[in-house]
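What follows is a set of notes on a single structure, which appears directly below.
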Amino acid sequence: MTPMKEDYLKIIFELGGANKLVSNKQIAISLNIAAGSVTEMVNKMVDGKLVEHEPYSGVRLTATGMKYAEELVRKHRIWEVFLTNTLHFDLPDVHDEAERLEHVTSDKMIDHLDDFLGHPKRCPHGGVIPDRNGHYAKDHDKILTEAKDGETVVVNRFIDNHDLLTLLGDIKLDIGDQLKIISHDPFEGSVTVDNLTDKKQLVIGYKTAHYVFVK
């Protein structure tokens with residue numbers, strides 16, 4: 001399987017494609033690529049029986065696609081935990097290193113690393129880590145843009161993206177922060193929130209808000 005297909009599988013998994021339909025637009029925003037490129041790759045993945053596609057609605061992982069995605073995500077996120085907690089990498093820098101390591105890591109190696117780390121359940125940016133039997137907690141969260149005005153939500157996880165994690169570090173938005181949704185800008189698409197944890201107001205851009213998952 002090509003690295004690009006693997007990236008698609010991981011992002012569809014991260015966007016909730018195990019349990020719901022994920023739109024091509026969500027995939028394009030998350031991978032920062034053109035919508036036309038997503039359509040082309042999705043068609044290839046449908047042919048390879050990795051995803052199911054519903055016209056005008058989106059894609060979800062097949063059983064085969066899910067198995068591949070869980071294995072990739074498990075290796076990637078366990079390496080992220082090791083790099084962050086043991087080697088003290090800065091969070092925005094761990095993705096690229098984990099990306100390289102996951103492709104040269106055997107199942108035996110990742111199981112030993114999992115044991116060494118005490119079987120972490122989530123990676124440093126909040127994503128679930130499947131155990132060696134494929135079990136993990138199912139997230140029932142949504143992207144920040146889907147939260148309604150007046151609703152109070154809790155930050156659950158972030159998309160694994162270097163620029164995003166750097167930005168979130170700069171504005172000090174963290175997993176576990178409680179946010180009250182003030183408004184959605186009808187033109188720019190940004191979301192204004194009160195961070196009740198840090199007692200400050202933030203204006204979170206349209207693209208950034210698609211990378212932040214809340215519950």
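The values are calculated or read from the model by the stated rules, or taken from the named source; none is laboratory data. This one's a predicted model, so the numbers in the text were calculated from it and none came from an experiment. Cβ atoms come from the backbone with ideal geometry, glycine included; neighbour counts cover every protein chain shown. Ligands, DNA and RNA are stripped out before the accessible areas are found, and what is left, the full protein with its side chains, is counted by its heavy atoms. Shrake-Rupley method; radii C 1.70, N 1.55, O 1.52, S 1.80 Å.
Observations on the structure shown:
- Residues located in region 175-206, provided they are within 17 Å of Arg157 (Cα to Cα) and of a type in the set (D, E, K, R): Asp177, Lys180
- Scanning region 70-93 for residues that are more than 16 Å from Thr105 (Cβ to Cβ) and either in a helix (DSSP H, G or I) or under 14 Å from the mean Cα position of the chain (by Cα) (or both) yields a total of 5.
- Top-ranked residue of region 10-39 - restricted to ones that are closer than 15 Å to Asp139 by Cβ and touching a Gly at 6+ places or on another chain (Cβ under 7 Å), ranked as most open to solvent (accessible area, probe 1.4 Å): Glu14
- Selection of region 122-135 for residues being open to solvent by less than 40 Å² (accessible area, probe 1.4 Å) and either among the aromatic types (Phe, Trp, Tyr) or over 30 Å from Leu173 (Cβ atoms) (or both) yields only Gly134.
- Qualifying residue in region 40-51 (condition: open to solvent by 60 Å² or more (accessible area, probe 1.4 Å), part of a loop (DSSP other than H, G, I, E, B) and not assigned by the TED database to the domain that holds Asn161): yes
- Taken residue by residue, region 183-197 has no member that is within 15 Å of the chain's Cα centre (by Cα) and polar (S, T, N, Q).
- Test: residue in region 172-182 that is in a strand (DSSP E or B) and surrounded by 17 or more Cβ atoms within 10 Å (Cβ to Cβ): yes
- Of the criteria (1) more than 20 Å from the chain's Cα centre (by Cα); (2) of a type outside the set (Ser, Thr, Tyr); (3) under 20 Å from Leu15 (Cβ atoms), which one Asp111 fails: (3)
- Number of residues in region 183-209 that are aliphatic (A, V, I, L, M), open to solvent by less than 40 Å² (accessible area, probe 1.4 Å) and assigned to a strand (DSSP E or B) equals 4.
- Test result for His119, open to solvent by 30 Å² or more (accessible area, probe 1.4 Å) and in a loop (DSSP other than H, G, I, E, B): yes
- Among the residues here, Gly118 does not qualify as at pLDDT below 95 and outside the structural domain of Asn161 (by the TED database).
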